[in-house]
Structure formats: structure tokens, C-alpha cells
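For reference, the structure is listed below as C-alpha cells.
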Amino acid sequence: MSSPTRDLPVDLPDGATRAAAGIAVVLVAQLMLVLDATVVNVALPHIGTDLGFGAASLSWVLNAYTLAFGGLLLLGGRLGDVLGRRRLFRVGLSVFTLASLLGGLAQSPDQLVLARALQGVGAALAAPSVLALLTTSAPDQAARTRAFALFAAVSSGGASLGLLLGGIVTDLGSWRWTLFINVPIGLVVVAIVGRVVAETPRRPGRFDVVGAATATLGAVLLVQALIGTPQHGWTSARTLGGVALGLVMLAVLARTETRIAHPIIQPHLLRDPRRVAALAMMGLLMAGQLAVFFLVVQYDEGVLGLGPVETGLAFLPLSLSIFTVSRITPRLVARFGTAPLMLAGSISLTASYVLMSRLEADSTFLGALLLPMVLNGVGAGLNFMPLTTTVLTGVEDEHAGAASGLLQTMQQLGGAVGVAVIVSVYASRAVPGQVLPGLEQAFWTAAAFGAACLATSIALLWHQRSARVRTLPAAEAAELAPVAAATEAA
């Protein structure tokens, strides 16, 4: 009988050590990019006091990053195809690192918002290259599967981790360290990525500059108009004009993409109603969740009197719920299919927002916040993988990057629009020096996003059943099997 030890491989594949180092470096960068969408959340009250932000304008610390990130993601992916993924990854990360330094040194609201926008530009250039570099760095399919599983864990858990990290560095040092912390990490990654990650082949073609410009301008105009509603009113010329101009930019984008040879958005990807519904749901999900992160931080620190570290720890139930549910979601998909999970997840998310709307001055974390935080994490965990699978299923290999870019764009812009709308509702009823006025209405607005997500999931389930095109759970399970196996092995 042979020894078990003899059956195990003794030698690693050629280049395995270099490949592992390359994967680790790229994932560290991905974590840093994801963290920055939320790492400043816990520090927002300190930022507002230190730099003199208003109640509504403070949300631009978040929106400046997500708008630039989401608006330029598709262009960043195309530039990587043409110029080389590793090269653009290094350029984007360099811009991101410099912007982090400038943001930490900011002395006024305008300086900080501009630095955050520049961070978003750098992230948009670097992020689309991450998956491609993970693919090229992995020496075999098993390593590639593990890398993708780690990528999913980093992407889904990074936002919640950012809240905890932001609380720790703010409490121990200053809010400025939520930005300074990126500088040494970014410098190290930029310095060594060329040694451990190979360059990808270039694909010649023209840039869709018009598409990128109209997508970004449309999003910025819409969010700026919504943010200004507390000062100017929902029916003012400024608000209505901004919304109209934003919609015009998006209409120009739609027209442009159907008339050029190298569109930034592949029009045929939007002809599948299931994919469109899943993209809409992802945007609605992020719209409610990122805005609630903003609101709960204000409540934890302003009403419950929690410090930055305690506020970060208060999000642990949400983070742990996402992690726990994400591990069993592949098995649930195998048994029930994707659409029922989206429906259950949307119900859980909407219920969490309704419960949060009942927060009062004498509420406690255990009595009033713990359950909705868990429900919110469960809802997000049930939705994330099924939505991603629905968007990417049936996409040709050559367009997988475009489909992934659409998904990431909806995540970023959905979050930005949600924060703009919900914070505008909150600020319209805010009383200086008080947290509770406007909080109930803001959470009900988040619940409206959840209800829209729920309605979309019902329509998707009805469409699949009535058209008799419902994907068999077994087929979906087979598609998710590599990710599920790698997640369980991690």
C-alpha cells in the first residue's frame, strides 16, 4: 500500500512562487480600491466638523469617488485592452496613491472632494485590469479558480471591512489616516507588480471617448442635481435642469453606442431582459445599502454616542452575515435557482430598512439595530452571487470583460445615486446639531429602493416561468461549482 505522502506532488509547477506573489499583489490592490468606497464613512462626522462641510455636501466625500470610479470603469477596461493591462494597472494605482496623499493633506471641502474624484479616476483605470491579471498570473485552472474565489471574498467583504478599518485609524490617529494609509501600500504594489505579474497582449482599436464622457457627465449631473434639492427644492429650475441635462447625456450615450465600431458598452448585452433586470437590481441594491451605511454611522455616533472603533465594530453583524450566507449561496442556487434567492434577498433587505426607520433617541443597538443589520447582510449575501451569475451567464468570452464592467458600473453608480437621493431626503428635514430629524424619512426612502428591487425580482421570476426559459438549478450549480469548491477550500 502506497504512502499518502508519496501520492502528493513534491515539486511546485514552474513559476508557482512568482504566480502566487503576483496574485497576492493584485488582490491587495483590489482590496485597497474596494475599501476606499467606505473607509471614510465612519470618519465623516469628523471630516465634516474639521473642514466645515454642510449636511448634504458631506456625501460628496463618498460620491466624488464612486462617480469617477463608476463613470470611467468602462473606458478603463478598453484602455487596458489597447495599452496593456499591467501598464494601465500601474498607471491607475499611481494616480490613486497620489490622490490619497492629496486627500489626506486637504484643508478645505473642495480640495478633499477633488482628491476623492482623482482617487476614483485612478481606481477606474486600475480595477478593470484586476481580473485579467489574476487570469494571466495563475499557472493552472485550479490556481485560477482559487484566485477568483479570493477576488469574490475581497470584493464582497471589503466594503464592510472598510468601515471597521476607518473606525480604528480615525480613533487612534485622525480621519486623514483613512487616506494616508493607502500611500505606503500603493507605493509597494506599484514598485513590485512589474516583477511578479506579466504583461497582457494588446488589442488594437479606437477609444470610445464620447461614450466615457457622456456616461460620466450624465451621472455627475444627475447626482449633483439631487444633492442640491435641500437648498433649491425638488421642482426648482436648478434641480429639474440638472436632471434633464443628465438624461440628455445618457441619451447621447445610448445613441453613440449603437453607431460606432468599438463601443464602450456592447449593445447586444442589453437585449436580454434577464440581464437588464439583474443589472437594475444590482444598482438598486447598492443604492439602498451604501446610503444606509452613511445613515447608520450618523446614528451610531450622534445618538448612541459610539466612538469610531465602536461604530466600525457595530457593522460586524452585517459583515458576518454577508460572509456566512455567501458561503452557502452556491448550494441554495443548486436547489432553488437564482430568481427565488433574489426574491428572498430583496424581502430581507426591504425589511431591514423598514426596521431601521423605527430608530428613536432611546433605542439601543441590541434592541433596535442588531436584527436589521443581520437582515441586511443576509439580503445582500443572497443577492450578490445570483445577480452576478445572471449578468454573466451566456456572455461570449470576448465580451466577458464588457459584461463585468457593466456590473461594476451599476454597483458604483447605483451607490452614488442612492446616497444622493437618500441623503437629500435626510438633509431636507435635518436640524443643525441633531441626528434624528429626517432619519425616518431617509430610511423609508431606502425601503423604497428595496421595494423596487423586490418588484424587479418578482418580474424576473414571472418572466422566467411564463416564458418557460427558467434556468435549471442543476445547470446553474454546475456553472458555480468551481467557485463553490474554491470557497469551501479557502
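The values are calculated or read from the model by the stated rules, or taken from the named source; none is laboratory data. The shown structure was predicted, so the numbers you read here are calculated from the model rather than taken from an experiment. Cβ placement follows ideal geometry from the backbone for every residue including glycine, while neighbour counts extend to all protein chains displayed. All accessible areas refer to the heavy atoms of the entire protein, side chains included, with ligands and DNA or RNA removed. Shrake-Rupley method; radii C 1.70, N 1.55, O 1.52, S 1.80 Å.
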For the stretch 330-344, which residues satisfy the criterion of being open to solvent by less than 40 Å² (accessible area, probe 1.4 Å), assigned to a helix (DSSP H, G or I) and touching a residue at least 60 places away in the same chain (Cβ under 8 Å)? PRO330, VAL333, THR338, ALA339, PRO340, MET342
Has the stretch 269-283 got any residue that is surrounded by fewer than 23 Cβ atoms within 10 Å (Cβ to Cβ), farther than 21 Å from MET385 by Cα and either charged (D, E, K, R) or modelled with pLDDT of 80 or more (or both)? yes
Being touching a residue at least 24 places away in the same chain (Cβ under 8 Å), under 22 Å from the mean Cα position of the chain (by Cα) and within 19 Å of ARG275 (Cβ to Cβ) is the requirement here; does LEU320 meet it? no
Just the residues that are open to solvent by less than 20 Å² (accessible area, probe 1.4 Å) and closer than 20 Å to VAL34 by Cα, please, taken from the stretch 284-306. LEU285, ALA287, GLY288, GLN289, ALA291, VAL292, PHE293, PHE294, LEU295, VAL296, VAL297
Quick one: would you say LEU226 is out of contact with any Pro (no Cβ under 9 Å at 6 or more places or on another chain) and modelled with pLDDT under 85? yes
Of the conditions (1) surrounded by 24 or more Cβ atoms within 10 Å (Cβ to Cβ); (2) at pLDDT 80 or above; (3) not hydroxyl-bearing (Ser, Thr, Tyr), VAL113 fails just one. Which one is it? (1)
Every residue from the stretch 211-265 that is in contact with an Asp or Glu (Cβ under 9 Å, 6 or more places away or on another chain) and either open to solvent by 20 Å² or more (accessible area, probe 1.4 Å) or over 23 Å from ALA117 (Cα atoms) (or both): THR256, GLU257, ILE260, HIS262, PRO263, ILE265
Kindly check whether there is at least one residue in the stretch 417-435 that is within 17 Å of the chain's Cα centre (by Cα) and within 15 Å of THR350 (Cβ to Cβ). yes
Against the conditions (1) open to solvent by less than 70 Å² (accessible area, probe 1.4 Å); (2) within 26 Å of ALA277 (Cβ to Cβ); (3) at pLDDT below 85, where does VAL309 fall short? Just the number, please. (2)
From the set of residues in the stretch 90-110 that are within 18 Å of LEU67 (Cα to Cα) and more than 22 Å from the chain's Cα centre (by Cα), which is least open to solvent (accessible area, probe 1.4 Å)? PRO109
Would you mention how many residues in the stretch 424-454 are touching a residue at least 12 places away in the same chain (Cβ under 8 Å), touching a Pro at 6+ places or on another chain (Cβ under 9 Å) and among the aliphatic types (A, V, I, L, M)? 3
Please give the number of the condition LEU304 fails out of (1) over 16 Å from the mean Cα position of the chain (by Cα); (2) under 19 Å from LEU44 (Cβ atoms); (3) assigned to a helix (DSSP H, G or I). (3)
Restricting to the stretch 439-469, count the residues that are surrounded by fewer than 16 Cβ atoms within 10 Å (Cβ to Cβ) and at pLDDT below 90. 8
If VAL40 satisfies every condition in (1) assigned to a helix (DSSP H, G or I); (2) within 26 Å of ALA225 (Cβ to Cβ); (3) modelled with pLDDT of 80 or more but one, which is the exception? (1)
Which numbered condition THR393 fails, given (1) more than 30 Å from ASN41 (Cβ to Cβ); (2) modelled with pLDDT of 75 or more; (3) over 22 Å from the mean Cα position of the chain (by Cα): (3)
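Residues are listed down the side, and each one gets a yes or a no for (1) within 17 Å of GLY70 (Cα to Cα); (2) open to solvent by 10 Å² or more (accessible area, probe 1.4 Å):
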position	(1), (2)
LEU375	no, yes
LEU387	no, no
GLY394	no, yes
THR409	yes, yes
LEU413	yes, yes
VAL419	yes, no
VAL423	no, no
ARG429	no, yes
Go over the candidates SER348, SER321, SER352 one by one and state the one that is touching a helix residue (DSSP H, G or I) at 6+ places or on another chain (Cβ under 9 Å), polar (S, T, N, Q), open to solvent by less than 50 Å² (accessible area, probe 1.4 Å) and more than 20 Å from GLY414 (Cα to Cα). SER321
